[in-house]
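Below: one structure, written as structure tokens.
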RNA sequence: UACUUUAUG
């Protein structure tokens, strides 16, 4: 089962839905798909932008007597958040409650990310409060999603407050967090803060990754700072990234 | 170390 599911996962990532369905049928001849398998199928639909299909798989899974778990619901919420409507999203949430599955930190993070994409600051903050009420500890994803949202909205104060909260919560900012905040500072021409942050990052032992470098290059490129672009490229090479 | 959520393009 694991072998088949892994295979389905790979094919799903490659957006080869035809192959995915074929393998699924083959698999059923030999063994019984489990909750992982169905979750993988739903994921494959998401990548193929097929919202309706996802719902069909949920149906099939229930008919098979496989109980949807927290990952199933989180995946569905993500699908509807990205491709569907708010109404559908709420339906999934209701179904989740009915099934007696408690929302976890990923559920909340997904919702915050969803509202973030739609620049719905109020709603995102409401989710955050809901989270506190439910006694769910915010994690790095939560904070990063919020940073991203405030970044898009140009709400520097809020972003900094989020950063403080993150540190106070004992949550170590990761590469993504540093990249987000640096990007925000740069967009607002706060070059000194951005550079100070970059130093902090190194001091904290957080490694820049490919995204960090791309962001820096993009940012310097837009400002016409050719020399800076070059120095970033050198740093990249030193860090062992291959230029394309 | 089989499945879900965040940053650049």
Does residue A:187 satisfy the criteria of being surrounded by fewer than 21 Cβ atoms within 10 Å (Cβ to Cβ), in contact (Cβ under 8 Å) with a residue 12 or more places away in the chain and within 19 Å of the chain's Cα centre (by Cα)?
-> no
Any idea which residue in the stretch A:227-244 is surrounded by the most Cβ atoms within 10 Å (Cβ to Cβ), counting only those that are in contact with a helix residue (DSSP H, G or I) (Cβ under 8 Å, 6 or more places away or on another chain) and over 20 Å from residue A:206 (Cβ atoms)?
-> A:229
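Within the stretch A:166-181, take every residue that is touching a residue at least 24 places away in the same chain (Cβ under 8 Å) and more than 9 Å from RNA strand B (Cβ to nearest atom) and give me the one that is surrounded by the most Cβ atoms within 10 Å (Cβ to Cβ).
We begin by selecting, within the stretch A:166-181, every residue touching a residue at least 24 places away in the same chain (Cβ under 8 Å); these are A:166, A:169, A:171-181.
Subset that is more than 9 Å from RNA strand B (Cβ to nearest atom): A:166, A:169, A:171-173, A:181.
Values: A:166: 22, A:169: 14, A:171: 18, A:172: 12, A:173: 22, A:181: 26.
Result: A:181.
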Condition check for residue A:105: touching a helix residue (DSSP H, G or I) at 6+ places or on another chain (Cβ under 9 Å), near RNA strand B (Cβ under 9 Å from one of its atoms), under 30 Å from residue A:133 (Cβ atoms) and free of Cβ contacts under 8 Å to residues at least 60 places away in the same chain | yes
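Identify all residues within the stretch A:32-55 that are loosely packed, with under 14 Cβ neighbours inside 10 Å and modelled with pLDDT under 95; write none if there are none.
In the first step, residues of the stretch A:32-55 are kept if they are loosely packed, with under 14 Cβ neighbours inside 10 Å; the result is A:32, A:49, A:52.
Listed by number, the residues that qualify are A:49, A:52.
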In the set A:18, A:82, the lone residue that is out of contact with any strand residue (DSSP E or B) (no Cβ under 7 Å at 6 or more places or on another chain), more than 8 Å from RNA strand B (Cβ to nearest atom), at pLDDT below 95 and part of a helix (DSSP H, G or I) is A:18
Note: among A:29, A:13, just one is more than 9 Å from RNA strand B (Cβ to nearest atom) and either under 22 Å from residue A:109 (Cβ atoms) or at pLDDT 95 or above (or both), namely A:29
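The values are calculated or read from the model by the stated rules, or taken from the named source; none is laboratory data. Worth saying up front: this structure is predicted, and the values here are computed from it rather than measured. Cβ atoms come from the backbone with ideal geometry, glycine included; neighbour counts cover every protein chain shown.
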